[in-house]
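For reference, the structure discussed in these notes is given below.
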Amino acid sequence: MECRQLPIFHMLAVLTKGENTMSVIDVPLHATLARNLAHDIPSMAPSVETDASPDAGLGFHICQTLQDVTDAWSVLYRVYLRTGFVAPNPFELHTTHHALGRHTAVIQSRIGQIAVGTISAINDSPALLPLDSVYPNELAALRSQGCKLIEVGLFGDRREGMERSFNTVLELMRYTFYFGQYSGATDFVCGIPPRRAKLYAHAFGFDIIGDLKSYETVQGNPVVLLRSNTAKAVANRNRHRAIDFFLRNPFDTTAFDSRFSFTPDEMAGSLLEQYAGTLSH
């Protein structure tokens with residue numbers, strides 16, 4: 001398949017004339033789809049109070065500061081620790097060295113000022129992608145075809161009952177979708193548990209392109225490699241309900257201009273800098 005980018009203006013143009021394109025989370029998904037996808041998002045009961053004022057509600061945020069990113073990856077650590085995806089570490093953070101750079105956008109969901117969930121989108125770089133440790137040949141083949149890759153991962157939510165709030169999952173994924181467009185990426189890749197691969201293919205336009213493997217980064221848990229070509233997924237939006245949701249709910253991608261940059265000066269002396277020094281390259 002040709003790896004071509006679908007420009008944002010073209011994406012928005014495929015919306016049927018007269019459809020509502022306001023950025024509101026109101027596109028319904030089949031309840032079974034929502035429940036099944038939710039089972040793949042590690043969740044945990046909150047260890048601190050998350051019932052800030054009922055009026056505060058759930059919001060979404062592009063991490064712009066060191067504190068934002070630290071909060072997001074602290075939540076991820078606690079989620080992954082409980083689900084057996086990571087071993088304890090004294091920093092109580094989890095990420096990968098591939099994510100430490102301007103090529104990454106870290107997104108978090110919050111209730112009031114409390115971080116409850118996160119996802120990261122990592123553009124391909126000289127450091128490669130996290131999934132290169134498991135699928136080097138498959139990703140190299142995509143690069144040789146001219147694909148500009150972006151990996152979606154570092155994904156977790158600390159709350160229980162995600163099937164009751166699947167719009168949260170869609171909103172986090174929506175941010176990664178538009179960060180891919182902002183970055184000029186042609187293809188998304190992700191690694192997920194094999195039991196849900198077909199479901200992700202249906203909802204998000206992914207194809208299974210890698211065999212079942214053991215992923216040491218998450219304590220040897222099983223993973224399969226998925227790839228979604230943006231142009232193909234958008235062209236088939238009627239088959240992929242999540243892609244249709246993204247297109248119906250666009251937002252101004254210049255918001256990514258202010259994402260955290262991970263410069264040495266910004267990280268100097270921080271807990272994240274200390275933790276980053278322990279990550280294998």
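One line per residue, one yes/no per condition, for (1) of a type in the set (Lys, Arg); (2) more than 21 Å from PRO130 (Cβ to Cβ); (3) modelled with pLDDT of 95 or more; (4) surrounded by 15 or more Cβ atoms within 10 Å (Cβ to Cβ):
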site	(1), (2), (3), (4)
GLY184	no, no, yes, no
PRO194	no, no, no, no
LYS198	yes, yes, no, no
PHE204	no, no, no, yes
ILE208	no, no, no, yes
SER214	no, no, no, no
LEU225	no, no, yes, yes
MET267	no, no, yes, yes
GLN274	no, no, yes, no
SER144 is checked against (1) among the hydroxyl-bearing types (Ser, Thr, Tyr); (2) within 17 Å of SER183 (Cα to Cα); (3) surrounded by fewer than 17 Cβ atoms within 10 Å (Cβ to Cβ) and fails just one. What number does that condition carry?
(2)
From the residues in the range 170-182 that are among the hydrophobic types (A, V, I, L, M, F, W, C) and in contact with a helix residue (DSSP H, G or I) (Cβ under 8 Å, 6 or more places away or on another chain), which one is surrounded by the fewest Cβ atoms within 10 Å (Cβ to Cβ)?
LEU170
Which ones in the range 155-181 are more than 17 Å from ILE111 (Cβ to Cβ), charged (D, E, K, R) and at pLDDT 80 or above?
ARG174
Let me spell it out: the conditions are (1) free of Cβ contacts under 8 Å to residues at least 40 places away in the same chain; (2) more than 29 Å from LYS232 (Cα to Cα); (3) buried (at least 16 other Cβ atoms within 10 Å of the Cβ), and ILE122 meets all of them except one. Which number is the exception?
(2)
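Given the residues ARG248, ARG237, which is the only one that is among the charged types (D, E, K, R) and either out of contact with any helix residue (DSSP H, G or I) (no Cβ under 6 Å at 6 or more places or on another chain) or crowded, with 22+ Cβ neighbours inside 10 Å (or both)? It would help to see each step written out before you state the result.
On the way: ARG237 fails: either out of contact with any helix residue (DSSP H, G or I) (no Cβ under 6 Å at 6 or more places or on another chain) or crowded, with 22+ Cβ neighbours inside 10 Å (or both).
Among ARG248, ARG237, only ARG248 is among the charged types (D, E, K, R) and either out of contact with any helix residue (DSSP H, G or I) (no Cβ under 6 Å at 6 or more places or on another chain) or crowded, with 22+ Cβ neighbours inside 10 Å (or both).
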Pairs where the first residue, in the range 264-276, is without any contact (Cβ under 8 Å) to a residue 12 or more places away in the chain and the second is of a type in the set (Asp, Glu) and part of a helix (DSSP H, G or I), C-beta under 9 Å, 6+ apart:
PRO264/GLU273
Taking into account only those residues within the range 64-92 that are farther than 13 Å from GLY156 by Cα and within 18 Å of the chain's Cα centre (by Cα), which is surrounded by the most Cβ atoms within 10 Å (Cβ to Cβ)?
VAL69
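With respect to VAL218, determine if the residue is among the β-branched types (Val, Ile, Thr), surrounded by fewer than 23 Cβ atoms within 10 Å (Cβ to Cβ) and farther than 26 Å from TYR80 by Cβ. Spell out the reasoning first.
Numbers: among the β-branched types (Val, Ile, Thr): yes; surrounded by fewer than 23 Cβ atoms within 10 Å (Cβ to Cβ): yes; farther than 26 Å from TYR80 by Cβ: no.
No, not satisfied.
In the range 73-118, how many are basic (Lys, Arg) and assigned to a strand (DSSP E or B)?
Within the range 73-118, the first condition is being basic (Lys, Arg), and the residues that meet it are 78, 82, 102, 110.
Subsequent filtering for residues that are assigned to a strand (DSSP E or B) retains 110.
So the answer is 1.
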Could you list all residues from the range 97-130 that are within 14 Å of GLU171 (Cβ to Cβ) and of a type in the set (D, E, K, R)?
ARG110
In the range 251-265, residue modelled with the lowest pLDDT [restricted to those that are loosely packed, with under 15 Cβ neighbours inside 10 Å and not hydroxyl-bearing (Ser, Thr, Tyr)]
PHE251
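The values are calculated or read from the model by the stated rules, or taken from the named source; none is laboratory data. Computed from a predicted model, the values in this text were never measured in an experiment. Don't worry about glycine lacking a Cβ; one is built from the backbone with ideal geometry, like all the others, and counts go over all protein chains shown.
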